[in-house]
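Report on the following structure.
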Amino acid sequence: MAAVQTEIRVQTGAMDPQAELGPLLGTDTATGAVTSFVGLMRDFNQDAQVAEMTLEHYPGMTEKALQAIVDEALTRWSLQAVKIIHRVGVLRPADPIVLVAVASAHRGDAFRACEFLIDYLKTRAPFWKRETTRDGDTRWVESRSSDDQAAQRWLGSDST
Amino acid sequence: MIRVLFFASVRDRLGVADESLTETPANVAALRANLAARGAPWDEVLGADQRVLAAVNQTMATDDSPLSDGDEVGFFPPVTGG
């Protein structure tokens with residue numbers, strides 16, 4: 001079996017999701033399915049118009065945490081490629097924040113692994129969002145219990 | 001000696017990003033209790049009733065994770081990436 005192609009990147013520069021997906025499409029003839037998730041910055045959150053977002057992370061731990069999440073996915077599903085790219089620094093509304101892409105022989109593994117990866121990333125990778133509203137106020141974004149619940153789903157015995 | 005790092009709202013509220021401590025507490029809970037015992041704002045930010053996560057050597061830790069000389073401990077709020 002060919003080695004799994006994995007790529008994990010944390011970057012301050014802009015991200016082009018379509019360009020990032022290109023290499024996963026049509027280069028491996030054993031691949032039958034590619035799924036992807038792109039998280040975008042919204043201009044409205046918690047009752048306020050958001051003008052700008054700054055993403056902070058824990059350099060070193062971030063990469064380790066993302067690698068651990070990818071390793072966990074590889075024990076659960078048969079995958080051919082996994083790509084995770086996450087922005088840090090200053091973002092504007094509509095900017096891509098995160099890309100998760102998975103290639104597999106079949107759609108089932110590709111869909112489930114992609115959702116698992118983003119669910120775990122949202123609760124285990126050390127990133128924090130700070131918003132600047134249109135009024136000029138800055139605030140740290142609160143974590144959501146719905147994200148915890150989404151990640152919890154994968155702990156059950158029937159999670160694969 | 002251990003190195004302690006603070007991130008995001010935890011850092012902002014404490015006004016400190018990192019520091020080195022000469023003594024190594026037994027575990028994460030002991031370290032957190034020592035820091036909270038400094039009084040405001042430490043007790044308000046790191047008190048046992050506050051939702052603060054910890055990592056030891058850049059891996060998620062729990063209260064009873066043991067500490068050793070040379071360890072790096074990070075304290076931060078629940079994560080909000082993605």
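Just the number, please: percent antiparallel of the DSSP beta bridges in region A:1-149, rounded to the nearest 5.
Bridges in region A:1-149 that DSSP calls antiparallel: roughly 80 percent.
Could you give each residue of region A:28-40 its phi-based ³J(HN,Hα) in whole Hz, using Karplus coefficients 6.51, -1.76, 1.60 with θ = phi - 60°, and x for Gly or Pro?
Each residue of region A:28-40 in turn: 10, 6, 8, 7, x, 8, 10, 10, 8, 10, 10, x, 10 Hz.
Of the beta bridges DSSP finds with both residues in chain B, what % are antiparallel, to the nearest 5?
DSSP beta bridges in chain B are roughly 75 percent antiparallel.
5 Å is the cut-off here: which amide hydrogens, built 1.01 Å from N in the peptide plane, fall below it relative to A:G32, excluding neighbours closer than 5 in sequence?
Hits under the 5 Å cutoff: A:S104, A:A105, A:H106.
Hey, in the GNM for chain A with a 10 angstrom Cα cutoff, which one of A:A110, A:A101, A:A33 fluctuates hardest?
Greatest mean-square fluctuation among the candidates belongs to A:A33.
Using modelled amide H (1.01 Å from N, peptide plane; none on Pro or chain starts), what sits under 5 Å from the amide H of A:D95, excluding residues fewer than 5 places away?
A:M41
Tell me, which longest segment in chain A has none of the trypsin sites (Lys or Arg not before Pro) that fall in DSSP loops with at most 15 further Cβ atoms within 10 Å?
Value returned for the longest uninterrupted segment is A:43-133.
Report, in deg cm²/dmol and to the nearest 500, the calculated mean residue ellipticity at 222 nm for the protein assembly as shown, where each DSSP H run with n ≥ 4 adds -39500 (n - 2.57) and the sum is divided by the residue count.
-8000 deg cm²/dmol
Scan around B:S65 for amide H atoms under 5 Å from its own, H built in the peptide plane at 1.01 Å from N, and keep only partners 5 or more places away or cross-chain.
B:V28, B:A29
Could you work out the Kirkwood radius for the protein assembly as shown, taking every pair of different alpha carbons, averaging 1/r and inverting it, reported in Å?
Answer for the protein assembly as shown: a Kirkwood hydrodynamic radius of 19.3 Å.
Exactly which trypsin sites (Lys or Arg not before Pro) in region B:32-67 are in a DSSP loop and have at most 11 other Cβ atoms within 10 Å?
Those that pass, being in a loop and sparsely packed, are B:R38, B:R51.
Here, each number is a calculation from the coordinates, and none is a lab measurement. Quick caveat: nothing in here was measured; it's all calculated off a predicted structure. Positions of Cβ are generated from backbone atoms using ideal geometry, with glycine treated the same way; all protein chains shown enter the neighbour counts.
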